[in-house]
Amino acid sequence: MTDARYFTTTKKGEIFELKSELNSEKKEKKREAVKKVIASMTVGKDVSALFPDVVNCMQTDNLELKKLVYLYLMNYAKSQPDMAIMAVNTFVKDCEDSNPLIRALAVRTMGCIRVDKITEYLCEPLRKCLLDEDPYVRKTAAVCVAKLHDINASLVEDQGFLDQLKELLSDSNPMVVANAVAALTEINETSRSGNPLMEMNAQTINKLLTALNECTEWGQVFILDSLSNYNPKDEREAQSICERITPRLAHANAAVVLSAVKVLMRFMELMPSDSEFVTNITKKLSPPLVTLLSSEPEVQYVALRNINLVVQKRPDILKNEMKVFFVKYNDPIYVKLEKLDIMIRLANQSNIAQVLSELKEYATEVDVDFVRKAVRAIGRCAIKVEQSSERCVSTLLDLIQTKVNYVVQEAIVVIKDIFRKYPNKYESIISTLCENLDTLDEPEARASMIWIIGEYAERIDNADELLESFLEGFHDENSQVQLQLLTAIVKLFLKRPSDTQELVQQVLSLATQDSDNPDLRDRGFIYWRLLSTDPAAAKEVVLAEKPLISEETDLLEPTLLDELVCHISSLASVYHKPPSAFVEGRSAGFRRVPLKPDGSAAAAAAPVEETPQATVIPSQDSLIGDLLSLDLNPPASHTAPAATNVPSNVDLLGGGLDALTWMGGGVHSPAEGQFLCHLRDPHTHRPARPPLPAPSAQSPLPATAQSLPRRTSPLRSPLTASAAAAAVSGRVTSPITNLVTSGVTSHATSPVTSGFTVAGICTNPFLAGFLDEDTILTLATDGDELLLTDHRPLGGDSSSGAPAPAAGGGMGGGTSAGLLGDIFGITPTPSNYMPPKQVWLPAAKGKGLEVSGTFCRRAGRVSMELTLSNRAMQPMSGFALQMNKNSFGLVPAQPLQVPMPVQPNQSTDVSLPLENNGPVQRMEPITNLQVAIKNNIDVMYFACLVPAHVFFGEDGMMDKRVFLATWKEIPAQNEMQFTIANLAMTADAISTKLQKENVFTIAKRNVEGQDMLYLSIKFINGLWALLEIKVAPGSSNITLAIKCRTCEIAPDISNSVEAILRA
Amino acid sequence: MIGGLFIYNHKGEVLISRVYRDDIGRNAVDAFRVNVIHARQQVRSPVTNIARTSFFHIKRANIWLAAVTKQNVNAAMVFEFLLKMIEVMQSYFGKVSEENIKNNFVLIYELLDEILDYGYPQNTDTGILKTFITQTGVKSASKEEQAMITSQVTGQIGWRREGIKYRRNELFLDVLEYVNLLMSPQGQVLSAHVAGKVVMKSYLSGMPECKFGINDKILMEAKKGAGDDATRSGRTSIAIDDCQFHQCVKLTKFETEHAISFIPPDGEYELMRYRTTKDISLPFRVIPLVCEAGRTKMEVKVVIKSNFKPSLLAQKIEVRIPTPLNTSGVQLICMKGKAKYKASENAIVWKIKRMGGMKESQISAEVELLQTDNKRKWTRPPISMNFEVPFAPSGFKVRYLKVFESKLNYSDHDVIKWVRYIGRSGLYETRC
């Protein structure tokens, strides 16, 4: 009989039977019984009732049986903590066993039992095992420290295990070293203090590199991965490490190769790119990368995703290897798609002929996605390699002749892009395209076709008929098509005004009167107004010259690319997303390419020495030093390198953006992180395929205060407006800053988070690249009725707003901002909830300076609103502000700017944007923030509580299913209940109100007459909190339940929610 | 790191489930089944993210192997580990099938306990594992034996144990090459490369140091520079694009001195892998001629030409000519070998047992087609070919393999060495 039979027993009295067998005298029978138990456990049956009986079998000299019992223990100890104690003695005894295998087994298993009482007993044996004479035991104990750290981090620190672990780094046995490195790396990443526990110095590195040559393949991966976190102090050190690592490229294990590639790619950043050394490494990197393509398909997939990054970062490495990426007929589809992507990136003038003939071949394959991508790729080749455009176009025409529906549609979409890139060159093919008009059923293809007709209306005789034919089913069209149709007909009218007046009337009324889509309606109104006020201006706007589209498409945004290069071979590189996008908690470490230690970047590399001491008063006692020393790390380190990366953006904008852009409506922003790259991607030139950030109310697009030149709001002078724009949250910062500040006119964009504010002008060059033409002004979806009703279109009803100035001449951003702002007569107001200011520092303690303030969330980040009052006799100036380490890592995003000295008995209001990338230290209470403020008189200290709601991120909308899963996952003891008394509000009102503060309603249910709201919050540090709000009709009390992994924050959440609701 | 590892049968039933980390719950087992195994559409990626949990899977025969994690793990490592896991299981109980897994589940759990600790892969060398994971129950190992096991598992030479003795010291080298080709219908080589490997069977006593010499251009030139081999430079050398070595090879030495030196594992293993793209002698050329004569008939003619020394014989030749899905019947005429139309595979399979060098053979087929209203054109998959030839198409040559064992009294001359070259087809395709 074989073991398979254990899987088949399903009798009723099974548990009872097993029990008696487990207690049998016969060893053989016992063993059989334990096997049955394990088999049941595997298939998911609950056999926890047998706990005492199984534990009784633990004391045996049969290693196999012992292992099975241990396996059982690991599974069920958590559910039966009291019983688990019974096993402790055996464990402790086993840790002293003469057989090293048993010692290791015991310590390995103990680490996996997450029961506090067992953990206590683990310390002593673990300490001994870390010093064991046998390397097998030591290497097991090293991993066990990581396990213990996960259960109880402070215990590990208190018991000195970290030091013991560090000592293992110089162990004589390579495998012990490798496991110790792995454990330390993991502890480092999850460490709450954020400070590296493992100081890597030249000596440690040397030891690691020595162990690298001798340990197992997996050990080599651990070591290489941890080396990739190291920042060499200079170029020479980086070189010498690289030299010792390059031999790993010839290893048979793909993981070793890729980890070595990661270290090399990262360290190359430290060296001048034209140095011989870099050229050498570049040469050496190519063959192993190519070899990875002959591994198993799954490994190939990982390799290809990484090669995609490598090719974007350093195109030189694989520039001559195009052929190896040719798709094989039997490749799995995921490999095919990735190869295709890389082929396009590598396409250039010299190999384009080959690439094209391959792509043509692929376009006849079976898999629809693959075929589409191949067709799209042909278009991209045309745009990328000018010499080949003719061939590409004729290839595309051939494909259109095949009449395969999805091929035709895809081809039309790319041909539109080709027209954009090479205007007035291939118009001869329009007639062929028009033949396929009837077969187009996908919105994108229809929209593209309509764009082509509108753009070349003057050359297509029956353009009016063609467009009219679309108009018949206007309401059934996708909004993308509707918008395009509207624009195309307006273009047609401007080009051939004589015979198309009726058509344009028709489309305008369809768009403005019969449509529920605010974007469409508003675009309709604007056109209408433009056409009726000043057709010449309309012509200039609608038929403006379009900026060229860029050659490279779908590139990753540079800072993301840099971050991903540091994560080569990891999941992040497979997803092409930063780890924070898919990993919970702190372990989602943000990694940066090391900065070159020269020139201006030096300041960022060595913040402590180089910080402008002048702004901070020299410390007077130890506390001050403590307070100030750690938060001097200026955000400049982010902006400096990025600034050099994105010159193209600046050019585009600086060159004057004559076309204004409508931002296509209805497109929702993708997940956080993702949208950033699109936002910045100057190459996004096709409608809707890449999810564009839409400035709708839910959008996480950082709301940026807008400064209207005519209506200077008291809060924001133009100066601060651009500063606020610059203050767009964390990672986004740099290029946007560049964009906005260099584009002097400061047309800041913003979906001001309230329901119904006009966002202002969105001069987004990338979008200008996409459809056409015109500027958008965006209305948030909901409450815009209000705005529009007092704007009946046309007819010069000047009552509604200022007369629209003739927009002749430069429709530059600035003027148009004013124009449109005036049309709608709105001042953008920051609608975010802001608690009333409190006095933080009374004048008596502040040597005459009284500080009161509050916090709010503005432009996607935390903002500190301060009122500085001078109660002293002399003017105050030279203000500066610093923050102590705090729970959320808040630091000022910019120096405190107080424009003028504050005269006696006067006060001034300052708004200070904060970032959350500073050092983190847990505070008590958790929202406590200690601040030091300095002026020409002294340095003062105060502490304040930050209201929790300012930490609620814009991306806090959780997927429904994720919500459900998370809700179940968080244990019930983490749930806290609060009652908000005397507040009569409907569930909907609550939902809307909270939504504005980034508390997102996931679902609404009505259970037994009570309204239940389920909401999610994402803190800016990635922590999620789930809320359930119960509104009983007739009662003025609201019950709030909060589930969060960190329950200390729950009361703060509750307070904030209450405050928001009462506001 | 890896948070858990599951093995499923084709129905999605769990055969093995081992959880290493607290963040992976039992529901992960079901999540994978529902979202991947039972997914309606074919899986489009070997990595799946479900509710912030990442699943890596490989499928072999009817068995799914899935590794689960919530962290940003090294993805290449996870896949390499899963592949290694399959290898380990195979070497313990043969084919990885549902039945074998069920029969050996205790063993698998024991292995999983050993080779993954808290999700970190440990020593996975089968030779070593077999010394202490035996499934024979009671361990009666002496203290010395135990110490030896642990030093091997963690040792610097983790792939070889001490004290191996053979009466006859012998070694076998197999140079195995796979020729990959993609050719256009006009006979233009679109891409071609050779993936080769050197498999060694070593039956040597003690801890022998081996040095391996091949006719790689770079290695030969390095030698010439040293001056000891300059006179024999008449030999041809080849350009190896890239090579990879078994972990026993001292990579640093290869990098600096261009010498392949190592202490081999005992028994059979893969010493090195390499890849070449230049000057490949393609053993066969396929010349297709497909003519769609009307809507119900297609004529196919395929000529194969062997292109190597007439004294050599190629074996196991198989040409696979795809036919359209609506094929109703095929008439075949071939000069040599046997040809058959296999409706289930939508292909004509033409087999020839042996064929000498510089010969030519031909097959012609008339394919009758059913009339269909299916608008979509047949995509004409490429004609593929399989064969085996007794030489290395890349020109790879073993120049020497020297064995040094200082402690035992046998010398390089006493070792009996065998070398064999085999060239096989990899993906050998010609478009038509």
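Nothing in this text is a laboratory measurement; each read-out follows from the coordinates by a stated rule. Everything numeric in this text was worked out from a predicted model, so none of it was measured. Cβ placement follows ideal geometry from the backbone for every residue including glycine, while neighbour counts extend to all protein chains displayed.
Brief remarks follow.
- Count of Lys pairs (Cα-Cα under 18 Å; at least 8 positions apart or interchain) in segment B:4-130: 8
- One Cα centroid belongs to segment B:3-25, the other to segment A:252-279; the line between them spans 36 Å.
- Excluding same-chain neighbours fewer than eight residues apart, the lysines reachable from A:Lys26 by a Cα-Cα span under 19 Å are A:Lys35, A:Lys36, A:Lys66, A:Lys67, B:Lys139.
- Note on B:Lys397: lysines with a C-alpha under 16 Å away, same-chain residues under 8 apart excluded, are B:Lys197, B:Lys211, B:Lys217, B:Lys223, B:Lys278, B:Lys417.
- Estimated FRET transfer efficiency when R0 is 60 angstrom, pair B:Arg399-A:Asp938 (beta carbons, to 0.05): 0.15
- Neighbour-count order for A:Thr533, B:Thr372, B:Thr69, A:Thr966, fewest beta carbons within 10 angstrom listed first: B:Thr372, A:Thr533, A:Thr966, B:Thr69
- When you filter the trypsin sites (Lys or Arg not before Pro) in segment A:65-127 for DSSP loop state and at most 15 other Cβ atoms inside 10 Å of their Cβ, you are left with A:Lys78.
- Cα→Cβ-extended label distance, 7 Å offset, between A:Asn905 and B:Phe172, nm: 10.5
- Whichever lysines have a C-alpha closer than 24 Å to that of A:Lys313, once near sequence neighbours (fewer than 8 apart) are set aside: A:Lys233, A:Lys262, A:Lys283, A:Lys284, A:Lys323, A:Lys336, A:Lys339, A:Lys373, A:Lys384, A:Lys577, A:Lys596
- Ranked list, fewest to most other Cβ atoms within 10 Å of each Cβ, for A:Cys144, A:Cys1044, B:Cys291, B:Cys334: B:Cys291, B:Cys334, A:Cys1044, A:Cys144
- This ranking places A:Arg31, B:Arg44 by how few other beta-carbon atoms lie within 10 Å of each, fewest first, which gives B:Arg44, A:Arg31.
- Of the trypsin sites (Lys or Arg not before Pro) in segment A:406-507, those whose Cβ has at most 10 other Cβ within 10 Å and which sit in DSSP loop: none
- Take the Cα of A:Ser431, step 7 Å toward its Cβ, do the same at A:Asp46, and the gap between the two points is 7.7 nm.
- Cβ-defined net charge surrounding A:Lys45, 11 Å radius [Lys, Arg +1; Asp, Glu -1]: -1
- Modelled this way, with points 7 Å down the Cα-to-C-beta line, the labels at A:Ala153 and B:Ser91 are 4.0 nm from one another.
- In segment A:55-130, GluC sites (Glu not before Pro) in a DSSP loop with at most 13 other beta-carbon atoms within 10 Å: A:Glu96
- Cα gyration tensor category, rounded, prolate or oblate, for segment B:284-389 with a/c compared to 1.5: prolate
- Shown for segment B:284-389: lysine pairs separated by 8 or more places, or found on different chains, whose C-alpha atoms are under 16 Å apart, numbering 26.
- Residue of B:Leu204, B:Leu82, B:Leu251 that the Gaussian network model of chain B assigns the largest fluctuation, springs spanning Cα pairs under 10 Å: B:Leu82
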